[in-house]
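One structure below.
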């Protein structure tokens, strides 16, 4: 009997060995081959706008600035900009390249040579394509596609002060810098300003009159400050600060959102007072 059991076990061993070696010779499973994916390269498309700036009077040697934008956040944030120097006569040729899209186009000629780092001033020549400023287009009217060349002439006029009023300072500060801003936010050191002015306060002054040119209609912040400690911008502890639309007794709390709705066709008047920054 033991002999049969021995033979039976040997047969089982042979069968298991056969199965093991037969399976081991199978090719390993193959992973599906990965297919490389390609990322499309987006090539910007551009067009050109050119034409003539028609001035009210010659501005020989004065700088002109042209801006194209779809949503105005400050002149330095335009989608395209160019500048040059006016030659003789009242017809100044221009050309500007911009990516395909829909835009407003505005022009400023710096007649008082004060620069365009922040905004135009009353007396500068200004214009907007499609209408005569202070009118404003219903929608973005410079519509350009890839490779397109548009010929647009723009009539300029003398810009006037359409935002004015006075600010009551907290206390006299002779010899100190007074600043007032019409702005897309409440940060005086970035480049989102719409209009701006700076004067040196005289002795005895408790109320400051101001006049500003706002070129583009919108709802903005208006605020003013006095650099009492001569540290420059931004305003800090000890300086005077006031925001239109909120109590001057608490200058650390500006309006929750822009609150000065400006109609560029009329003179908008805003009056407010300052407090002291803690």
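Confirm whether residue 177 is more than 29 Å from residue 245 (Cβ to Cβ), out of contact with any helix residue (DSSP H, G or I) (no Cβ under 6 Å at 6 or more places or on another chain) and modelled with pLDDT of 95 or more.
On the way: more than 29 Å from residue 245 (Cβ to Cβ): no; out of contact with any helix residue (DSSP H, G or I) (no Cβ under 6 Å at 6 or more places or on another chain): yes; modelled with pLDDT of 95 or more: yes.
Against the criterion (more than 29 Å from residue 245 (Cβ to Cβ), out of contact with any helix residue (DSSP H, G or I) (no Cβ under 6 Å at 6 or more places or on another chain) and modelled with pLDDT of 95 or more), residue 177 does not qualify.
From the list 103, 94, 67, exactly one residue is modelled with pLDDT of 95 or more, assigned to a strand (DSSP E or B), closer than 15 Å to residue 154 by Cβ and touching a helix residue (DSSP H, G or I) at 6+ places or on another chain (Cβ under 8 Å). Which is it? Talk me through it step by step, then tell me what you get.
Values: 103 fails: touching a helix residue (DSSP H, G or I) at 6+ places or on another chain (Cβ under 8 Å); 94 fails: touching a helix residue (DSSP H, G or I) at 6+ places or on another chain (Cβ under 8 Å).
Going through 103, 94, 67 in turn, the sole match is 67.
So, in segment 215-259, how many residues would count as being within 18 Å of the chain's Cα centre (by Cα) and touching a residue at least 60 places away in the same chain (Cβ under 8 Å)?
Here is the first cut: in segment 215-259, the ones within 18 Å of the chain's Cα centre (by Cα) are 215-222, 257-258.
Filter once more, so that each one left must be touching a residue at least 60 places away in the same chain (Cβ under 8 Å): 215-218, 258.
Qualifying residue count, segment 215-259: 5.
What strands (runs of 3 or more DSSP E) lie completely within segment 112-159 and have 1 or more residues being farther than 20 Å from residue 46 by Cβ?
Details: elements: 125-128, 142-144, 149-151.
The strands (runs of 3 or more DSSP E) meeting that bar are 125-128.
The values are calculated or read from the model by the stated rules, or taken from the named source; none is laboratory data. Note that the coordinates shown come from a computational prediction; the quantities given were computed from them, not determined experimentally. Virtual Cβ from ideal backbone geometry, glycine too; neighbours counted across all protein chains shown.
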